[in-house]
Number of protein chains: 2
Amino acid sequence: MKIPVLEVFGPTIQGEGAVIGRKTMFVRTAGCDFRCSWCDSKFTWDGTAKDDIRMMTAEDIFSELQAVGGNRFNHVTISGGNPALIKGIGSLVSLIHEHGFEVALETQGSKFQNWMTDIDQLTISPKPPSSQMIQDLTILDEVIQQLPQENISLKVVTFDETDYQFAKMIHQRYPDIKFYLQVGNPYLDDTVSHHTEKLLNHYERLIDRVMTDDTMNQVFVTPQLHTLLWSNKKGV
Amino acid sequence: MKIPVLEVFGPTIQGEGAVIGRKTMFVRTAGCDFRCSWCDSKFTWDGTAKDDIRMMTAEDIFSELQAVGGNRFNHVTISGGNPALIKGIGSLVSLIHEHGFEVALETQGSKFQNWMTDIDQLTISPKPPSSQMIQDLTILDEVIQQLPQENISLKVVTFDETDYQFAKMIHQRYPDIKFYLQVGNPYLDDTVSHHTEKLLNHYERLIDRVMTDDTMNQVFVTPQLHTLLWSNKKGV
């Protein structure tokens, strides 16, 4: 079973979520069932990078991780697109584990795969209204019910008050799962000046919102470290 | 047993370490056995705030947490100075737990107290050479041996290559404990311009150093979110 791959890069830091700051390698798969308006990796699904997609076996991918990252990593993050669409990820997870390394993976929770139970840090990020997607909460329930609670976290990207209310609803639906509010990045155009300063302003407003809300106590509020550092640059 | 307190504030986010981003209240105690050259809270030990120290019972402190934070928190971070100097912290930890809240605490690992085993997230941050302190590693060993490994993390603030080598030595001494490299903040003077940009430059250099080092794979590299947002402002 082959895996459609668009990027293999690192080591770098994980910029977001439950293992923010972790030294890791990235594997980015092609293909997504969503079309989020503010997606920062549209090339994974909009056809613009379709000639760059490589169909690779788990062994191919692991060899490339070693070629790129040498012995300078022991953690791999699989992102997309939505890697949960791809059945073959299971053999990649097994291979990474055989080498004694950990695996993180990010998905929106729209599809379950058996290999998800083996992911060391699985981030499920339901998409808020500003994405213009409709998250199917029945499917999300079914996905979450099948996962070991200690290995998963929820992350909701938040651009505005409507998104914030969605985030709150998700947190209240799954109160025992580690919950991250992540500030959205509206500046996908790298020509925007003072990008970091603007992102930090948005982040501060999100913090202010959460701090005054007594229904949002058991939460983490985080930026994307990589966008603060590197804006929208690919491969870091 | 009373506790010398200098600040009670929040809720805000935890800006660093293993629970970076967590909504929390802060209690800052007075007094430290160290005198770090770059300490960002020198007022806790240099005498300049000695008239502001309040001797408070655990009940006094918890009442003040509720007065300041209302019902907008379920997590408390105790920092200093070095709160590990204070025997009375134990009753504060118990009281916070009785309310169903979690407690994080930060100390340099120069002294053990029995109540340390009850802390939900205990950060031990040995001080590197740039601090001009000498960390007693025998005492550090004794402290760490008495703590439940799953609740503790090590954090080393790093300003330069000598500090980095110290960090590496600490990580290798306790390879199974979650390890954070945190970029140092040399700009304690708020008149410094482009503070955030300069801090991010230092952070990026630290990331570069770690990414090329195959002996530092199992690590997190993090900034201080609060200094990116608010420079050295107190009470946030």
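The selection criterion, being open to solvent by 40 Å² or more (accessible area, probe 1.4 Å) and within 14 Å of another protein chain (Cβ to nearest Cβ), holds for A:Arg72. The single condition among (1) in a loop (DSSP other than H, G, I, E, B); (2) open to solvent by 10 Å² or more (accessible area, probe 1.4 Å); (3) of a type outside the set (A, V, I, L, M, F, W, C) that A:Gly15 does not meet is (2).
The lone criterion from (1) of a type in the set (Ser, Thr, Tyr); (2) open to solvent by 10 Å² or more (accessible area, probe 1.4 Å); (3) within 14 Å of another protein chain (Cβ to nearest Cβ) left unmet by B:Thr77 is number (2). Report yes if A:Leu147 is buried (at least 20 other Cβ atoms within 10 Å of the Cβ) and without any contact (Cβ under 8 Å) to a residue 60 or more places away in the chain, otherwise no. Considered against the rule, which asks whether it is buried (at least 20 other Cβ atoms within 10 Å of the Cβ) and without any contact (Cβ under 8 Å) to a residue 60 or more places away in the chain, A:Leu147 comes out as no.
For segment A:40-57, the count of residues that are of a type in the set (A, V, I, L, M) and part of a helix (DSSP H, G or I) is zero. Check whether at least one residue in segment B:170-177 is within 14 Å of chain A (Cβ to nearest Cβ), under 30 Å from A:Met211 (Cβ atoms) and open to solvent by 20 Å² or more (accessible area, probe 1.4 Å), and report yes or no. There is no residue in segment B:170-177 that is within 14 Å of chain A (Cβ to nearest Cβ), under 30 Å from A:Met211 (Cβ atoms) and open to solvent by 20 Å² or more (accessible area, probe 1.4 Å). When segment A:85-113 is examined, which residues are found to be touching a residue at least 40 places away in the same chain (Cβ under 8 Å) and in contact with a strand residue (DSSP E or B) (Cβ under 6 Å, 6 or more places away or on another chain)? Listed by number, the residues that qualify are A:Ile86, A:Gly88, A:Ala104, A:Glu106.
Condition check ((1) surrounded by 18 or more Cβ atoms within 10 Å (Cβ to Cβ); (2) part of a loop (DSSP other than H, G, I, E, B); (3) more than 7 Å from chain B (Cβ to nearest Cβ); (4) under 17 Å from the mean Cα position of the chain (by Cα)) across all residues:
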position	(1), (2), (3), (4)
A:Tyr187	yes, yes, yes, no
A:Val192	no, yes, yes, no
A:Thr196	yes, no, no, no
A:Leu200	yes, no, no, no
A:Leu206	yes, no, yes, no
A:Val210	yes, no, no, no
A:Asp214	no, yes, no, no
A:Val221	yes, no, no, yes
A:Thr227	yes, no, yes, yes
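Looking across segment B:1-25, the residues that are over 24 Å from A:Ile177 (Cα atoms) and not basic (Lys, Arg) come down to B:Met1, B:Ile3, B:Pro4, B:Val5, B:Leu6, B:Glu7, B:Val8, B:Phe9. The numbered conditions (1) within 18 Å of B:Ile124 (Cβ to Cβ); (2) open to solvent by 20 Å² or more (accessible area, probe 1.4 Å); (3) in a strand (DSSP E or B); (4) of a type in the set (A, V, I, L, M, F, W, C) are all true for B:Leu6 except (1).
The values are calculated or read from the model by the stated rules, or taken from the named source; none is laboratory data. Please read these numbers as outputs of a predicted model, since none were measured by experiment. Using ideal geometry, Cβ is built from the backbone for each residue, glycine included, and neighbour counts are taken over all protein chains shown. For accessibility, only protein heavy atoms count, side chains too; no ligands or nucleic acids. Shrake-Rupley method; radii C 1.70, N 1.55, O 1.52, S 1.80 Å.
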